[in-house]
1. Kindly indicate whether Arg179 is closer than 21 Å to Pro266 by Cβ and open to solvent by 50 Å² or more (accessible area, probe 1.4 Å).
2. Failed condition for Glu192, given (1) in contact with an Asp or Glu (Cβ under 8 Å, 6 or more places away or on another chain); (2) of a type in the set (Asp, Glu); (3) free of Cβ contacts under 8 Å to residues at least 12 places away in the same chain, with all others met?
3. State whether one or more residues within the range 176-199 are within 30 Å of Val288 (Cβ to Cβ), touching a Gly at 6+ places or on another chain (Cβ under 9 Å) and in a strand (DSSP E or B).
4. Give the residues of the range 230-254 that are touching a Gly at 6+ places or on another chain (Cβ under 8 Å) and in a helix (DSSP H, G or I), sorted by residue number.
5. Any idea how many residues of the range 239-255 are open to solvent by less than 20 Å² (accessible area, probe 1.4 Å) and in contact with a helix residue (DSSP H, G or I) (Cβ under 8 Å, 6 or more places away or on another chain)?
6. Starting from the range 152-168, keep only residues that are under 11 Å from Arg271 (Cβ atoms), then list their pairs with residues that are assigned to a loop (DSSP other than H, G, I, E, B) and open to solvent by 60 Å² or more (accessible area, probe 1.4 Å) whose Cβ atoms are within a distance under 8 Å, requiring at least 6 positions of separation or different chains.
7. Any idea which of Arg14, Arg67 is under 30 Å from Gly94 (Cα atoms) and either open to solvent by less than 50 Å² (accessible area, probe 1.4 Å) or among the aliphatic types (A, V, I, L, M) (or both)?
8. With Leu143, Leu83 as the choices, which residue is surrounded by 15 or more Cβ atoms within 10 Å (Cβ to Cβ), within 27 Å of Ala24 (Cα to Cα) and of a type in the set (A, V, I, L, M, F, W, C)?
Amino acid sequence: MPSDFSPTGLRVLREVAQSGSFTAAARALGYTQSAISRQVAALEAVAGRALFERRRDGVALTPAGARLLARAVRVLAELDAALRDTAEPDARAGPVRLGAFASAAAGLIPGALASLPRELVVSVREGTTPALTRGLRAGTLDLAVLAQTPPFRPPDAEAPALDLTTLAERELVLGVGARHPFARRRAVEVGELAGQVWVASRSEGPDQLLGVWPGLAERPDVRYVVRDWWAKLQLVAAGLAITTLAPVALGALPDGVRVVAVRGEPQEVRRLVLARVPGPLDGRAAAVADALVSAATA
């Protein structure tokens, strides 16, 4: 039986924590699921307690697991820094690791990154807000652009709370095809959305389907469920369905998609925030954060 935590085990802990499942962690690390299970079992044997709560929809850190993750992030950061110290000088500065949900990745990130010096390297990972939040906690992301819905609660209940900077706060809108009856109108009433065909994508959050107007009086006709944001918009452009649009995406819409406002109560406001773990930012990450703030307010 192992008597201490191994770096491999800590990397597995980090990946399972940020992906939320053994299966996804195995895929990301190139392991089998049984290998992931063995590494977690070894970690729990050393810890003398469960580190993950097993659920039907995946796994979540126990309080002990969360405490270990916080230390694992620091240990792995030191090991990675040691590797960089032995590398060639040009390879020592790793990229600033930025996460964003799909609409922000299309509508905000390109302009922000284009404003930065070419020598400042940034890697981008697309994900849902829950997945990106886990990535921040796991130390695999430095910054993340997240979406928030009213009443704008913190992305998670972990301590310390994530540092959040509001980038924008605007109302949700509709995307419709150019030949749709709504296309020539600036706004429609909520009641007019009854009977529409929707295209949506699945979510890890409380809203199980993203792309359907919240709080419709009747069950929506969700005829298309796709993961890819661009595929969703192509179905809209083809006139097959309508969908909701985050305001951050309006500058990246394909030809054939028209934007329509929705009137009625309650107003569906969406907040765009830049999230990070509390603490000082290094100069490179701070420059990326400043570029995101500038792009969001342009």
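The values are calculated or read from the model by the stated rules, or taken from the named source; none is laboratory data. Predicted model, so just to flag it, every value in this text is computed and none were measured. Heads up, the Cβs are rebuilt from the backbone with ideal geometry, glycines too, and the neighbour counts pull from every protein chain shown. Side chains are part of the model used for accessible areas, which takes the heavy atoms of the whole protein and leaves out ligands, DNA and RNA. Shrake-Rupley method; radii C 1.70, N 1.55, O 1.52, S 1.80 Å.
1. Values: closer than 21 Å to Pro266 by Cβ: no; open to solvent by 50 Å² or more (accessible area, probe 1.4 Å): yes.
Answer is no for this residue.
2. Of the numbered conditions (1) in contact with an Asp or Glu (Cβ under 8 Å, 6 or more places away or on another chain); (2) of a type in the set (Asp, Glu); (3) free of Cβ contacts under 8 Å to residues at least 12 places away in the same chain, the odd one out for Glu192 is (1).
3. Residues of the range 176-199 that are within 30 Å of Val288 (Cβ to Cβ), as a first pass: none.
Taking every residue of the range 176-199 in turn, none turns out to be within 30 Å of Val288 (Cβ to Cβ), touching a Gly at 6+ places or on another chain (Cβ under 9 Å) and in a strand (DSSP E or B).
4. Going through the range 230-254, the residues touching a Gly at 6+ places or on another chain (Cβ under 8 Å) turn out to be 232-233, 236-240, 242-246, 248-253.
Selection gives Lys232, Leu233, Val236, Ala237, Val248, Ala249, Leu250, Gly251, Ala252.
5. 6
6. Leu164/Pro154
7. Numbers: Arg67 fails: either open to solvent by less than 50 Å² (accessible area, probe 1.4 Å) or among the aliphatic types (A, V, I, L, M) (or both).
Going through Arg14, Arg67 in turn, just one is under 30 Å from Gly94 (Cα atoms) and either open to solvent by less than 50 Å² (accessible area, probe 1.4 Å) or among the aliphatic types (A, V, I, L, M) (or both): Arg14.
8. Details: Leu83 fails: surrounded by 15 or more Cβ atoms within 10 Å (Cβ to Cβ).
Selected residue: Leu143, the only one of Leu143, Leu83 that is surrounded by 15 or more Cβ atoms within 10 Å (Cβ to Cβ), within 27 Å of Ala24 (Cα to Cα) and of a type in the set (A, V, I, L, M, F, W, C).
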